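The values are calculated or read from the model by the stated rules, or taken from the named source; none is laboratory data. This one's a predicted model, so the numbers in the text were calculated from it and none came from an experiment. Quick reminder, even Gly has a Cβ in these numbers, built from the backbone with ideal geometry, and neighbours come from all protein chains shown.
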Amino acid sequence: MSGFSIYLIFFLIIALNYGIMGLGLNLQWGYTGLFNAGVVGFYAIGAYGAAILVGPDRDYLIGGFDLPWPVAILGGMALAALAALIVGLATLRLREEYLAIATFGIALSLQLVALNFESLTGGANGLVGLPRPLFHLFEDSTTYNLFFLGLVIVILGIVWFGLELAVRSPWGRLLRAVREDESAARSLGKNITLIRLQVFVLGCSLIGLSGGLYVAFIGFVSPTDFLPLLTFQVWAMLIVGGSGNNAGAVLGAVVVWALWTMSGLAISRVAPVELQSQAGAIQVMLIGLLIVAMLIFRPRGLIGEKTGGS
Amino acid sequence: MLQAIADGFMSGAIIALGAIGLTLTMGILRFANFAHAELVTAGAYIALAVLWLTGAFMGPIGPFSFGIPMLLAMVVAMAGTSVLALTIDHLVFRRLRDRSGHMTLVFGSFGVSLVVRMIILLIFGGAATYYSNELQIAMRVVPGLRIMPDQLFVLGLTVVIVVALHFFLQRTRLGLSMRALAENPELTRVNGVDTNRVIRWTWIIGASLATIAGVFYGLTIQLRPEIGFHLILPLFAAAILGGTGNVIGAVIGGLIVGMAESLSVLFIPAGYKLAVPFLILLLVLYLKPTGLFSGSAGGAK
Amino acid sequence: MSEVLLRVTDLVAGYRPDLPILHGINLHVGAGEMVTIVGPNGAGKSTLIKAVAGLLTITGGHVEAMGHDITKVPTEKLGEAGIAYVPQVANVFTTLTIDENLRLGAAALDRPLAARRIEEAYQRFPALKSHRNHKARALSGGQRQMLAFARSLLCAPRLLMLDEPSAGLSPLIVQEVFTELRALMKSGLTILMVEQNVKAALAISDRTYVFAEGQNRIDGTSEELTQNQEIRAIYFGNAGAGNSASGDS
């Protein structure tokens, strides 16, 4: 295999895994209008949760349950759902922006836990040397990556299919009503807060799933993989692809991740060493500009919501 | 303990100044502006730039670490940050205001916050700096309590500003219009008030107070591009604790948040200090979402 | 015919440009007249008043007041055009005191004039003066309506537009409000009013327009309309119809 296809496989694993996260976020924002400003927090919970559950027993750590990967990832998702429940119960009956503020807060707080609760999270070093799922069955890492890409695609497909079914169900049709006209939805006798809570918890557990898969793929967790920037990146993916459309969420993940990695590559090749940090700042700034520009000029993204509404 | 309380007052005053502007924009412009805290950083750095450009760091006055140029730089930075806020409003928020969901505004402000932070990082670099290298001698007030003269200055000026703002809102036509706009925008226009003008002044006041908070932060702690990012949560916690739209509430909320952060170090590891505003926020949202002093715009639906 | 204070021609307007609620409204109000607009819910009665007040998107036709085109005049300049508007229900600032409500209403005037007009308003509505430093939320429904009237008169308008001044008020208070309106008319004010209660509207006004589905269907002097068979069939056939104080779009 050529170097490029090896890289392409690696790229697609990461991008499509972000796609899973994008699907969770799309359920929250695109379909229901919930703004989650702490995406990275739920991603980190999924990742750390899985890492702690799957990790080998080490006497200097609290975790190390040595559980099989599927259980560990589900456990990470459950923890993400629990965190979503705590934030959701506090905010979803209130003004919409309170959810945004609280999710931002929980992401920041979880980052502190990841950094400081060393006996659980390994602190700044993170948790390393996790057994990668089924790694021993493959001869080299390229074929393993190919297998993992297949795994991510299958899981992405299941999540996508499930979400498509869900949004077409009577429950799913309610979501748009909740987003567009709350009083109309309420007059149908529906408990808006409960629907919002369901959507928020489900979306966050999907974000947690993506975190768990990421850890399974790279085999370690460290706080540097969960910087606040990731929240902005995932939002850029969703808004570029087109919120309210699952295909848009996945497309956006691939497009924005491609732009991000290519611009990063270009900077490392072109920019002089002494200007690298400035170039990095420009790269991050572009993510912010992308979000703002899309919201103003093309709120429907590349492929936005199919049916009516403004 | 005594020292922690004094420090809490200090950071509380800075949070309060930032939270006033935030609570005004939340009440009057009706959205949670994630970019407001970046105005604090912008104000602090514009003041630094003014000091650099004029190059005139004339000697400090009396016991303080700064002199007249610092105060002038602060005033220039207030104007500069106001221009920045008005520009952002013109380029981004005004365009999103008329759209359907107001959460789009919140989303937009989230993006804007990243852009502003990166521009500051790009211009000034990531390293921490100071306005002045003058060393200050802390005054020992009582055993176990040391206070810098700068800190006293900051506290004093904060009190003056809060009192002045209160009178402004209660007594002047513009203040009256702002309170009216927070309650009912349509009726305010029906009363013949040019709401665009009131919105402009809301930005100017919010940005100016954010600048003062930023300069105070730089004076008493240090200048870093992440000042704003780390203030987002304390400012929101203070504004919501005080009741959205309520200026005095935001001040008291700011003091409570600052005090809680400072005292928390006595009970939990210092690494978790930044999570304290989040815990306060959760507590308020669970127990009394309208805040301690329910604001004009009301927190609950 | 006397001077026309307000003339609406082929007006098309709504809350969104793509969804007009008014489909070509024509009406006029002459100086010294009291004109009412009646019609079923959703007919566009309130929408018309809001459109004239500049609060909605006008996509067709135009509005003239005192001979000037005010189609594009923003709401806050309405007072300068000689028009005052009292919205339905939420027409005072409950978080401000009565005095502050009036000071806000007079904010466009220079200070001595504002002070004089506010004093005049207190003389006209003495009940307000005794509560002047209370928050408006403490006022009763009728008192709020009086405060809204008092506020609207501060800029000395020639035309007063009222959106259902009787909404949510008890019959006794409605009588008081209407008595006050008659007194205002006697003092030379022209009034355009939306009213749910057709009987009351016809009884108090000079002329009436009947709206349906965003158009003005029938109009005439209130006397004529009281005799009109169609109107009688719709509104007086079943007693109580049109008495609801529910909101209008």
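Taking first residues from segment A:223-239 that are under 15 Å from A:Ala114 (Cβ atoms) and partners that are among the hydroxyl-bearing types (Ser, Thr, Tyr) and assigned to a helix (DSSP H, G or I), the Cβ contacts under 7 Å between residues at least 6 apart in sequence or on separate chains come to A:Phe226/A:Tyr43; A:Leu230/A:Tyr43. Can we say C:Tyr85 is modelled with pLDDT of 90 or more, out of contact with any Cys (no Cβ under 9 Å at 6 or more places or on another chain) and either closer than 22 Å to C:Gln196 by Cα or of a type in the set (A, V, I, L, M) (or both)? In short, yes.
Working only within segment C:107-119, note down all residues that are without any contact (Cβ under 8 Å) to a residue 24 or more places away in the chain, closer than 20 Å to C:Arg144 by Cα and either in a helix (DSSP H, G or I) or basic (Lys, Arg) (or both).
To start, the set of residues in segment C:107-119 that are without any contact (Cβ under 8 Å) to a residue 24 or more places away in the chain comprises C:107, C:110-113, C:115-116, C:119.
Of the ones still in play, those that are also closer than 20 Å to C:Arg144 by Cα are C:107, C:119.
Matches in segment C:107-119: C:Glu119 only.
Say whether the condition of being of a type in the set (Lys, Arg), more than 17 Å from B:Thr195 (Cβ to Cβ) and either without any contact (Cβ under 8 Å) to a residue 40 or more places away in the chain or assigned to a loop (DSSP other than H, G, I, E, B) (or both) is met by at least one residue in segment C:76-86. If you could, list the steps in order and put the result at the bottom.
Step one: of segment C:76-86, the residues of a type in the set (Lys, Arg) are C:77.
Retained after the next criterion (residues that are more than 17 Å from B:Thr195 (Cβ to Cβ)): none.
There is no residue in segment C:76-86 that is of a type in the set (Lys, Arg), more than 17 Å from B:Thr195 (Cβ to Cβ) and either without any contact (Cβ under 8 Å) to a residue 40 or more places away in the chain or assigned to a loop (DSSP other than H, G, I, E, B) (or both).
Residue-wise test of (1) under 20 Å from A:Pro228 (Cβ atoms); (2) within 12 Å of chain B (Cβ to nearest Cβ).
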site: A:Val39; (1), (2): yes, yes
site: A:Ala47; (1), (2): yes, no
site: A:Tyr60; (1), (2): no, no
site: A:Ala81; (1), (2): no, no
site: A:Ala84; (1), (2): yes, no
site: A:Glu96; (1), (2): no, yes
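Considered as a group, the residues in segment B:126-158 that are among the charged types (D, E, K, R) and surrounded by 13 or more Cβ atoms within 10 Å (Cβ to Cβ) include one that is farthest from B:Pro225 (Cα to Cα), and that residue is B:Arg146. Across segment C:172-207, the number of residues qualifying as farther than 25 Å from C:Ala81 by Cα and without any contact (Cβ under 8 Å) to a residue 12 or more places away in the chain comes to 3. Does A:Leu112 satisfy being modelled with pLDDT of 95 or more, under 17 Å from B:Leu279 (Cβ atoms) and surrounded by fewer than 23 Cβ atoms within 10 Å (Cβ to Cβ)? Here the answer is no, as A:Leu112 does not meet what is asked.
Against the test of being within 11 Å of chain B (Cβ to nearest Cβ) and surrounded by fewer than 24 Cβ atoms within 10 Å (Cβ to Cβ), the options C:Ala31, C:Ala107 yield a single qualifying residue, C:Ala107.
Of all the residues that make up segment C:56-79, how many are more than 10 Å from every other protein chain (Cβ to nearest Cβ), of a type in the set (S, T, N, Q) and under 24 Å from C:Gly105 (Cα atoms)? Full working, then the answer.
The initial filter retains those residues of segment C:56-79 that are more than 10 Å from every other protein chain (Cβ to nearest Cβ), namely C:56-73.
Remaining after also requiring of a type in the set (S, T, N, Q): C:57, C:59, C:71.
Checking which are under 24 Å from C:Gly105 (Cα atoms) leaves us with C:71.
Residues flagged as more than 10 Å from every other protein chain (Cβ to nearest Cβ), of a type in the set (S, T, N, Q) and under 24 Å from C:Gly105 (Cα atoms) within segment C:56-79 amount to 1.
Inspect segment B:254-264 for any residue being surrounded by fewer than 24 Cβ atoms within 10 Å (Cβ to Cβ), within 13 Å of chain A (Cβ to nearest Cβ) and over 30 Å from B:Leu48 (Cα atoms) and give the result as yes or no. Yes, because at least one residue in segment B:254-264 is surrounded by fewer than 24 Cβ atoms within 10 Å (Cβ to Cβ), within 13 Å of chain A (Cβ to nearest Cβ) and over 30 Å from B:Leu48 (Cα atoms).
Within segment B:85-102, the set of residues being of a type in the set (D, E, K, R), more than 8 Å from every other protein chain (Cβ to nearest Cβ) and not in a loop (DSSP other than H, G, I, E, B) comprises B:Asp89, B:Arg94, B:Arg97.
Of all residues in segment A:36-54, those satisfying the criterion of being of a type in the set (A, V, I, L, M, F, W, C) and crowded, with 24+ Cβ neighbours inside 10 Å are A:Ala37, A:Val39, A:Val40, A:Phe42, A:Ala44, A:Ile45, A:Ala47, A:Ala50, A:Ala51, A:Ile52, A:Val54.
Looking at A:Leu34, A:Leu25, which is the one that is out of contact with any Pro (no Cβ under 6 Å at 6 or more places or on another chain), modelled with pLDDT under 95 and not basic (Lys, Arg)? Please lay out each step first, then the result.
Details: A:Leu25 fails: modelled with pLDDT under 95.
Only one candidate qualifies: A:Leu34.
Within segment C:1-47, the only residue that satisfies the criterion of being polar (S, T, N, Q), out of contact with any Ser or Thr (no Cβ under 7 Å at 6 or more places or on another chain) and assigned to a strand (DSSP E or B) is C:Thr9. Cβ separations smaller than 6 Å between residues 6+ apart or across chains give the following pairs from segment C:159-170 residues that are within 9 Å of C:Gln88 (Cβ to Cβ) to residues that are modelled with pLDDT of 90 or more and part of a strand (DSSP E or B): C:Leu162/C:Val86; C:Leu162/C:Met193; C:Asp163/C:Val194; C:Glu164/C:Val194. State yes or no: is A:Thr231 more than 11 Å from every other protein chain (Cβ to nearest Cβ) and either under 23 Å from A:Gly211 (Cβ atoms) or crowded, with 18+ Cβ neighbours inside 10 Å (or both)? So A:Thr231 does not fit the description; no. Of the residues making up segment C:182-236, those that are among the polar types (S, T, N, Q) and more than 20 Å from C:Leu27 (Cβ to Cβ) number 3. Criterion first (surrounded by fewer than 17 Cβ atoms within 10 Å (Cβ to Cβ) and of a type outside the set (Phe, Trp, Tyr)) does A:Ile6 satisfy it? Yes; evaluated as a whole, the condition is true for this residue.
Here C:Val63 fulfils each of the conditions (1) touching a strand residue (DSSP E or B) at 6+ places or on another chain (Cβ under 8 Å); (2) within 22 Å of C:Thr179 (Cβ to Cβ); (3) surrounded by 19 or more Cβ atoms within 10 Å (Cβ to Cβ) apart from (2).
Which ones in segment B:176-224 are under 30 Å from C:Ala114 (Cα atoms), in a loop (DSSP other than H, G, I, E, B) and not β-branched (Val, Ile, Thr)? Explain how you work it out, then say what you get.
So in segment B:176-224, the residues under 30 Å from C:Ala114 (Cα atoms) come out as B:176-206.
Narrowing the set further to residues that are in a loop (DSSP other than H, G, I, E, B) leaves B:184, B:191-194.
If the condition is that a residue be under 30 Å from C:Ala114 (Cα atoms), in a loop (DSSP other than H, G, I, E, B) and not β-branched (Val, Ile, Thr), then B:Asn184, B:Asn191, B:Gly192, B:Asp194 are the ones that fit.
Is there a residue in segment B:182-198 that is under 21 Å from the mean Cα position of the chain (by Cα), in contact (Cβ under 8 Å) with a residue 12 or more places away in the chain and within 14 Å of another protein chain (Cβ to nearest Cβ)? Scanning segment B:182-198 turns up at least one residue that is under 21 Å from the mean Cα position of the chain (by Cα), in contact (Cβ under 8 Å) with a residue 12 or more places away in the chain and within 14 Å of another protein chain (Cβ to nearest Cβ).
Kindly establish whether C:Ala114 is surrounded by 19 or more Cβ atoms within 10 Å (Cβ to Cβ), at pLDDT below 95 and out of contact with any Asp or Glu (no Cβ under 9 Å at 6 or more places or on another chain).
Numbers: surrounded by 19 or more Cβ atoms within 10 Å (Cβ to Cβ): yes; at pLDDT below 95: yes; out of contact with any Asp or Glu (no Cβ under 9 Å at 6 or more places or on another chain): yes.
Yes.
Among the residues of segment A:115-150, those that are buried (at least 18 other Cβ atoms within 10 Å of the Cβ) and not in a helix (DSSP H, G or I) comprise A:Gly122, A:Gly126, A:Leu127, A:Leu130, A:Arg132, A:Pro133. Answer with yes or no whether B:Ile221 is away from every other protein chain (no Cβ under 14 Å) and modelled with pLDDT of 95 or more. No. For B:Ile137, the conditions (1) more than 30 Å from C:Asp99 (Cβ to Cβ); (2) assigned to a helix (DSSP H, G or I) all hold with the exception of (2). Just to be sure I understand, how many residues within segment A:39-62 are farther than 13 Å from A:Gly219 by Cα, part of a loop (DSSP other than H, G, I, E, B), touching a Phe, Trp or Tyr at 6+ places or on another chain (Cβ under 9 Å) and of a type outside the set (A, V, I, L, M, F, W, C)? Looking only at that region, the number is 1.
Filter segment B:103-131 for residues that are assigned to a helix (DSSP H, G or I) and more than 7 Å from every other protein chain (Cβ to nearest Cβ) and give the result.
Keep residues of segment B:103-131 that are assigned to a helix (DSSP H, G or I), which gives B:103-124.
If the condition is that a residue be assigned to a helix (DSSP H, G or I) and more than 7 Å from every other protein chain (Cβ to nearest Cβ), then B:Leu105, B:Ser109, B:Ser113, B:Val116, B:Arg117, B:Ile120, B:Ile123, B:Phe124 are the ones that fit.
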